[in-house]
Structure formats: C-alpha cells, structure tokens
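Participant: Following this message is one structure expressed as structure tokens.
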Amino acid sequence: MKIVFMGTPDFAVPSLKAMREAGHEITLVIAQPDRPAGRGRKLSAPPVKVEAEKLGLPVYQPENVNSPDAVQKIATAAPDIIVVTAFGQILKKRLLELPRYGCVNLHASILPKLRGAAPLQRAIMEGFRETGVTTMMMARRMDAGDILLQRTVRLGTAVTFGELHDELAETGASLMAETLSLLAEGQIKPAPQDEAKATYAPKIDPEERRINWHDSAEVIDRKVRALFPVPGAFTFFNGKRIILREVKPAEGSAVEGTAGKIIGIKAGCLEVETGNGKLAVLKVKPEGKKEMPADSWARGAGIDNDSRFSNENKG
C-alpha cells in the first residue's frame, strides 16, 4: 500500500519506523512546521521530520493541512491510505475521503474511553489499572471513528507519564503495522464505538499542575507521576514555585493539622501532611535551580518541621 504518514512528536516516530520496516511504501511524510524551541528560541525540526529525513523519505510541513495546496500535494502522492499518529491538526472531509482505504489513526487509549488530547496523563491521574492503544478509522468527530484493533497494557502503581508514553509509542507502532497488513488483506471489520461508554481526556490546563495539599496523598502522587517529566506538578514555598519531581505515599497516618505541613525531614525525603495520609517528597526542582534531593533542598532553604508548602504564590 502507498501511505501518506502524518505525525509530529516523539510518540509518532516508532510508528513511522515500524511501517518502513514492514515494507510499506511511504510516499510522503507530513509533520507540523519547524517551531522555535529552547532558551535561544531557535527553529527546531519536529522528531518525525528528523526521522523521515534519516530514512530518506520526502517531508512536507504545511501550516494548514486542509488548504487547497496541501490537499493537492497529498493527492499527488497518490496514497491508498493516510496514517495519522499524533499529528496535531484536524483533518477535514476532503482529506478524510481522499484515499481509497480512508484515514487510520492511532490513539493512546482503549476507546471509547479517554477520547481527546491527554489520554496518557488522564489515565494516570484517574488511577486506571490498565490502558492501551487503538487503531481506528478517522471520522469527522474527534476520536469517534470505528475501531480496527486494540491492545491493552497494565499500568503499574508507580508508572510516570514519560514511561507510559514510551511504552505505548512502541506498542502502538506494532499495532499500526499489524492493522495496515490486515486492512490490505481485507481481514479487519471496523466496529462502531459504544457512545454510551465514551469518556474524555481534555488537554491539561496549566492550573491543573498546581498541587492541592487538601487532596489525598494518593491523588497527589498520581498527579505528580502524570505530569513527569513534563510539564511538572508544582507547589509554593515562601512565594517561590517548587516543582515536585518524585513523590510517593508514605506509610502511616498523617497527624491532624495543616495540609501541606512538613512533618518529617528524613534522609532522602520530606514527609508532608495531605488531606488524607502522608506524602514522601523525594526530589524537587526549586525555581531557577536544577533538580535535587528534597532533603538537600530543605537544608539549604532552612526548612524545619514547622514549615509548610502553600497552594498559593504567597511569601
């Protein structure tokens, strides 16, 4: 099959490589345009473009993939199918109907659960015990197309967003390669999603990164893991932002007092009172500084057992 592949970030790279290794003919790779990145704000190529160039594949980076010029460019590539993995633009009707096999998307959840922009983070935040990947036929409504194949993975109790991202990128690549082979052989029957079971995974709002110490230790632990390594969950101490890089629920019950209060300073961690239970804070990244062990930061900041993290930016 002739394939036009659309993808942009690291998550999409394994899918591109898997299709190439499976012998599919990739006639065009489409990625988002180069964007400024880093402290110097220099233009940076997206990971899919970098990988495509390594593989010797032609790359196209339209600002609007639905523009007449972009649609004509894609039509010229004569795709039998368009494969979309974390591309970052919505495809409109003209593109969806262009290839004879339609457009296939890889989504990082077991649909119809967790439709939307942040399924990995939401799966961890909401305490899922399993999630996975789905290949589906693309429809005009986001993540609502007919299901092709699914593969489930277990979620460990300490898994982070970064770890889950890498696992599902590889699992999804394998699933997409299998999907394409079976589609070419006519061996998949698309199955409609059960709308009654649909749930949603909206984009992470910047305010959601803020720790609420009145939440339980378990909820805070899930939030920190869901936002690690980026963008990071944060709190405040003496008016300065502190990103929590590694935490875990601590053994024993919290004393009844103030949520956010530091109730123990031990080798390698701080113990903090929450709305329900104690939280061990192992690593932090203070504002303007590098990541460090929490107890090292505490010594430098003059913290004692009467100190307290705050939900608000107050000194």
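Participant: What does DSSP give for the chain in terms of the percent of beta bridges that are antiparallel, rounded to the nearest 5? Intermediate values should be presented prior to the final figure.
Facilitator: On the way: 40 of 59 bridges.
Here the share of antiparallel DSSP bridges comes out near 70 percent.
Participant: Could you pull out every residue, at least 5 positions away or on a different chain, whose amide H is within less than 5 Å of the one on ARG245? Hs are placed 1.01 Å off N in the peptide plane, and Pro or chain starts have none.
Facilitator: LYS283, VAL284, LYS285
Participant: Where does the longest stretch of the chain lie that holds no trypsin sites (Lys or Arg not before Pro) found in a DSSP loop with 11 or fewer other Cβ atoms within 10 Å?
Facilitator: 204-289
Participant: Shape of segment 106-196 from its Cα gyration tensor (a ≥ b ≥ c, root eigenvalues): rounded if a/c is under 1.5, otherwise prolate when a/b > b/c, or oblate?
Facilitator: Numbers: a/c = 2.35, a/b = 1.49, b/c = 1.58.
Oblate, because a/c is 1.5 or more while a/b does not exceed b/c.
Participant: Please go through the residue pairs LYS93/LYS189; LYS54/LYS223; LYS240/LYS283; LYS203/LYS266 and name each one whose alpha carbons sit more than 27 Å apart in this structure.
Facilitator: Values: LYS93/LYS189 22 Å; LYS54/LYS223 36 Å; LYS240/LYS283 16 Å; LYS203/LYS266 36 Å.
In this structure, LYS54/LYS223; LYS203/LYS266 lie more than 27 Å apart at Cα.
Participant: Another question about this same structure. ILE26's amide H: which non-local residues (gap 5+, or another chain) put their own amide H closer than 5 Å, with H modeled 1.01 Å from N in plane and none for Pro or chain starts?
Facilitator: For ILE26, the qualifying residues are ILE3.
Participant: To continue, here is another question. Loop only by DSSP, 11 or fewer other Cβ within 10 Å of the Cβ. Give me the GluC sites (Glu not before Pro) in segment 190-293 that pass, ordered by residue number.
Facilitator: On the way: sites: GLU195, GLU207, GLU208, GLU218, GLU246, GLU251, GLU256, GLU271, GLU273, GLU287, GLU291; in loops: GLU251, GLU256, GLU287, GLU291.
In loop regions of segment 190-293 (DSSP not H, G, I, E or B), the sparsely surrounded GluC sites (Glu not before Pro) are GLU251, GLU256.
Participant: Using θ = phi - 60° and the Karplus curve 6.51 cos²θ - 1.76 cosθ + 1.60, what whole-Hz ³J(HN,Hα) does each residue of segment 59-76 get, with Gly and Pro shown as x?
Facilitator: Residue by residue, segment 59-76 yields 10, 10, 10, x, 5, 9, 5, 9, 5, x, 5, 5, 4, 5, 4, 5, 4, 5 Hz.
Participant: Between the helical axis of 217-226 and the dominant principal axis of the chain, each derived from Cα atoms, what acute angle in degrees is found, rounded to the nearest 10?
Facilitator: 40
Participant: Sum -39500 (n - 2.57) across every DSSP H segment of at least 4 residues in the chain, then divide by the residue count to get the 222 nm mean residue ellipticity, nearest 500.
Facilitator: Values: 8 runs with 79 residues, N = 315.
It comes out at -7500 deg cm²/dmol, rounded to the nearest 500.
Participant: Just to check, using Stokes-Einstein with a Kirkwood Rh over alpha carbon pairs, what's the diffusion coefficient of segment 171-233 at 10 °C and 1.306 mPa s in µm²/s? It would help to have the intermediate numbers written out before the result.
Facilitator: Numbers: Rh = 15.6 Å.
Roughly 102 µm²/s, to the nearest whole number.
Participant: Which whole-Hz couplings ³J(HN,Hα) result when phi for each residue of segment 100-105 is put into the Karplus expression 6.51 cos²θ - 1.76 cosθ + 1.60, θ = phi - 60°, listed in order with x for Gly and Pro?
Facilitator: Residue by residue, segment 100-105 yields 5, 8, x, 10, 10, 10 Hz.
Readers should treat all values here as calculations from the given coordinates under stated rules, not as data from a laboratory. None of these values were measured; they are calculated from a predicted model. No Cβ is skipped: glycine too gets one built from the backbone with ideal geometry, and neighbour counts run over all protein chains shown.
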